[in-house]
1. From Asp198, Asp226, Asp188, Asp243, grab the single residue that is within 31 Å of the chain's Cα centre (by Cα), closer than 25 Å to Val278 by Cα and modelled with pLDDT under 90.
2. Report, by residue number, each residue of region 211-243 that is in a helix (DSSP H, G or I) and farther than 15 Å from Ile129 by Cβ.
3. So which residues in region 117-138 are buried (at least 18 other Cβ atoms within 10 Å of the Cβ) and farther than 24 Å from Asp243 by Cβ, if there are any at all?
4. How many residues, within region 593-611, are under 40 Å from the mean Cα position of the chain (by Cα) and closer than 18 Å to Ile628 by Cβ?
5. Any residue in region 374-401 that is surrounded by 11 or more Cβ atoms within 10 Å (Cβ to Cβ) sitting within a Cβ distance under 6 Å of a residue that is modelled with pLDDT under 70? List the pairs, counting only those 6 or more apart or interchain.
6. Looking at Leu274, Leu219 in this structure, which one is touching a helix residue (DSSP H, G or I) at 6+ places or on another chain (Cβ under 7 Å), under 20 Å from Ser72 (Cα atoms) and not polar (S, T, N, Q)?
7. Before we move on, is Val615 surrounded by 21 or more Cβ atoms within 10 Å (Cβ to Cβ) and touching a residue at least 12 places away in the same chain (Cβ under 8 Å)?
8. Just a yes or no: is a residue in region 135-142 among the charged types (D, E, K, R), within 23 Å of Gly103 (Cα to Cα) and either in a strand (DSSP E or B) or modelled with pLDDT of 90 or more (or both)?
Amino acid sequence: MLRNYLKIALRSLGRRKGYSALNIIGLAVGLAVCLLILIYVRYETSFDDYHASGDRAYRIQRAWINADGSISQEFSNLAPSYVPLLKGDFPEIERIARIWGPGGTVVKVDDRVFTEDRFFFAEPEIFDILTIHIVQGDRTSALADTGTVVLSRSMAKKFFGGEDVLGRTVMLDFSRPIPLRVTGVMEDTPPNSHVHFDFLASYSTLAGFAGSGEGDYFLGTRNFSDNVTGVYARLAQGVAGRDIQAKIPAFLDRHFPPRTDDQGRVTKMSAGSLLRFVKVRDIHLTSHTMSEYEPNGDARIVVLFTAVALFILAIAVVNFVNLSTALAVKRAKEVGLRKVVGAARRTLSFQFLGESYLVTLLALVLALVAMAFVLPLFREFSGQALSLSRILTPANGLVVLAGFLVTGLAAGVFPAMYLASFRPGTILRGRLTRGRGGAVLRKTLVVFQFAVSIGLVFSVIVISRQMNHIRNADLGFERNNIILVPINASVRARWTDIKARLLQEKEILAATLSKRAPTGRLGDAPGWTAQVDGREVRNTFRMPHNRVEHDFFKTYGMTLVAGRDFSLDFPTDAAEAFILNETAVRQLGFKNPEAAVGVPFGTFAPNKTGRIIGVVRDFNYESLREKIIPIVTYIAPGQANTLSVRIAPGSLNKVLGRVQNILDSISPAGPVRYDFLTDRIAALYRNEERTMKMFTAFGVLAILVACLGLFGLAAFSAERRTKEIGVRKVLGASVPGLALLLTKEFAKWVVAANLIAWPAAYLGMREWLGNFAYRASIGAWPFIGSAVAALVVAVAATAAQSLKAAVADPVKALKYE
């Protein structure tokens, strides 16, 4: 019987080649999308799952909390001096290690110079917390001594040709040259890691670089303010991060005295600060602090795309159900005869369900073939290291098998039950072939299909409008033709000479230094004091400090709305001048910017006192997700890390060569590394750009699959109404009128789908736009655009069949059946 069922199934597919192709292609597209997103989701959720102690490995983060308990600001790093206290107070912490990555580190090997971003200093315990495979050297002693370093396999090959490198020396060009002896080689960090190491130098090498003894910046016991070190911990068996975190308030209040503000109110340390234990495996999708080592993913995006994949697969399944139930009348006599000769309803259901699995199997094979071709493109715009090997594993094979079984069952169970329910008497009297069985179900499912498609199109339009808003928004500064170059201490020390030489080049219009360039995160806010209406106001709100060189505002084309800019004509500006933005002036209570000019002002860490000399127009230092916050800017080029150069349009290559020569004359550091400011701005919204691209692709696929089903239903509807069309033509109906008659039925379904999709899509996109402090309005265009797009593709899918039926010979139509 199984062989007979297979033979009948193949004959049935061959007899209706067009409909069979629509079913197989539709299911194949749905399965291919599901499998692609399965790879994406599997990759996103696999970050840091290779660590042997993954269930006990945590990163300790610093957060500030509001009065209601919500987090106002969070760093992935911690001040170094917390570590000795945590070691002493929590025996549940088996291992704890600090790492520090200066970024843009200059490394010299013989006469070759390199600038490396993945250079970290780390304590030896890092090997007991994170899984870092050592392929040369002894992991227990590799970082035990000062002046040692472990290289990744790639760096060992890059610097020394991959030979035995133990004992070789690399020179670190830090604030002073530091020779580092290679004591180990480690495997390259897997791509699915929240941080990648190419160098791990011994943390003890940092001793004495800033302070000494208890006052040592990195190894002392007094630095609780600068959150610069990543702190990782391995907890004891059976201990969870939340267990220790519950004890953190008492820990903070035990070690730090309460503070008394200007009004005499006493505030405990735990009331405004918190140490959070975040599992390393959760960092990539859940941690979005102000100091992540690398861009993280987003759990919400993963959930969203999983839902999209399931919806597209559901659309394909709906196609199968629609066409199968519509074509049921074609197999009515087969069912009737089988029942007459004794076939049970269960047997017939099994037969037709088997046919569904056959179609699903063919679709799965086609989907896997399509994936092999599409995956490189998907990998490109998803920005992830995706490959088929990530899904072709035993575990994922079971997932694919489960998906196949569920899809086949979902697609086939209703048609199987529907066909098996036919009554032989009704069939043999011919009444079934003239009925409208399943019509309501088919209409409902088509409405569902197009509701999903319209929702995706609506979302694409909203996301696209927001991205256009971001690209064209007035950020308060000039973003074009500015290059950003990381600098070291040598450049800072010789800045006056370097700047003069840079400005001798006619293609260089302006140059400046700053602690951070726009697009950076405004993290440090050590505190401030100001005289407002004759009274001293101290640190009543957060005001980050921006440390710059004199021409910062000029280089970025920022506008001062009151007072003046920093100027070399006023020597005291370097020590006593402050410029605030408009938001800071408003929050201080001044009625207008002019009222703030000349007001005494000071900052803590560093302790600087002076006066406000100007007010700059508000500008978006951070991304448009964040509201503009108060900022104070003052002269401190010695703390800068970025050189900003405004260049003439089209002069990049010439300028880079001159910048290279000028910097090399100070301190050779390899090829100039630079970014365009516009590229950094675009990088802030990389996730949104990827989301838009993926939504666009999935929206097109969803509409394509829906149209395949609609095309099939239109063909079937035209076929069923052949005789009706012939009669209408004989009675004088025109071809356009008949085409409209056949098309408007499907158009009504699409209109109904709009009414369902719009509210859901609107609410979803309003929630998404809530992530941006500055956003485009949704407006009417997404409603109009999604409706028109759906209607056009629906009409296009049905018009061909409608016209074909309308122009048919009425004589042949009247002879039909």
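The values are calculated or read from the model by the stated rules, or taken from the named source; none is laboratory data. Predicted, not measured: the structure shown is a model, and the values here were computed from it. When we count neighbours, we look across all protein chains shown, and the Cβ atoms used for this are built from the backbone with ideal geometry, even at glycine.
1. The unique qualifying residue is Asp226.
2. Gly213, Glu214, Gly215, Arg242, Asp243
3. Matches in region 117-138: Arg118, Phe119, Phe120, Phe121, Ala122, Pro124, Phe127, Ile132, Gly137.
4. Counting residues in region 593-611 that are under 40 Å from the mean Cα position of the chain (by Cα) and closer than 18 Å to Ile628 by Cβ gives 1.
5. Listed pairs, sorted by first residue: none to list.
6. Of Leu274, Leu219, the one residue that is touching a helix residue (DSSP H, G or I) at 6+ places or on another chain (Cβ under 7 Å), under 20 Å from Ser72 (Cα atoms) and not polar (S, T, N, Q) is Leu274.
7. Yes.
8. The answer is no, given that none of the residues of region 135-142 is among the charged types (D, E, K, R), within 23 Å of Gly103 (Cα to Cα) and either in a strand (DSSP E or B) or modelled with pLDDT of 90 or more (or both).
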